[in-house]
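The values are calculated or read from the model by the stated rules, or taken from the named source; none is laboratory data. The structure displayed is predicted, hence computed values, not measured ones. Positions of Cβ are backbone-derived with ideal geometry, glycine not excepted, and every protein chain shown enters the neighbour counts. Surface areas here come from the heavy atoms of the whole protein model, side chains and all, with no ligands, DNA or RNA. Shrake-Rupley method; radii C 1.70, N 1.55, O 1.52, S 1.80 Å.
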Amino acid sequence: MKTKNDDFIKQSLEELASDKEIFPSSIQKQRMLAAIQSEVKITTTRSRKQRLKDFIVNRPYRFAFSFSAVQAVICALAFGNDYTEFILKLFE
């Protein structure tokens, strides 16, 4: 019984075995290198404020979880069990 998966695998192996050029050309390599260098140049010239802003804008979920964890630790250290009991009473 032949399946579509078998055809896909066979076709993939034939493509790899063919004489086609699978590596990037020198022009493509130069373009990739220029793109990487421009990204590195941009990231090294940013200030701390700009990096923090980019972190918040690009990854809001990470910022929210980080802020929540820091807040919980600070409040638990400052108020001890009273803070935990207060939070639990809010949800009753």
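Which residues, taken from the range 11-31, are surrounded by fewer than 11 Cβ atoms within 10 Å (Cβ to Cβ) and part of a helix (DSSP H, G or I)? Before you say what the answer is, go through the steps one by one.
Going through the range 11-31, the residues surrounded by fewer than 11 Cβ atoms within 10 Å (Cβ to Cβ) turn out to be 11-23, 25-28.
Scanning the range 11-31 gives Gln11, Ser12, Leu13, Glu14, Glu15, Leu16, Ala17, Ser26, Ile27, Gln28.
Within the range 1-34, the residues that satisfy the criterion of being modelled with pLDDT under 75 and either in contact with a Leu (Cβ under 8 Å, 6 or more places away or on another chain) or hydroxyl-bearing (Ser, Thr, Tyr) (or both) are Thr3, Ser18, Ile22. Could you look through the range 66-91, keep only residues that are of a type in the set (Phe, Trp, Tyr) and assigned to a helix (DSSP H, G or I), and pick out the one that is least open to solvent (accessible area, probe 1.4 Å)? Ranking the qualifying residues of the range 66-91, first place goes to Tyr83.
Answer yes or no as to whether Phe63 is part of a helix (DSSP H, G or I), open to solvent by less than 70 Å² (accessible area, probe 1.4 Å) and not small (Gly, Ala, Ser). When the stated conditions are applied, Phe63 does not pass them.
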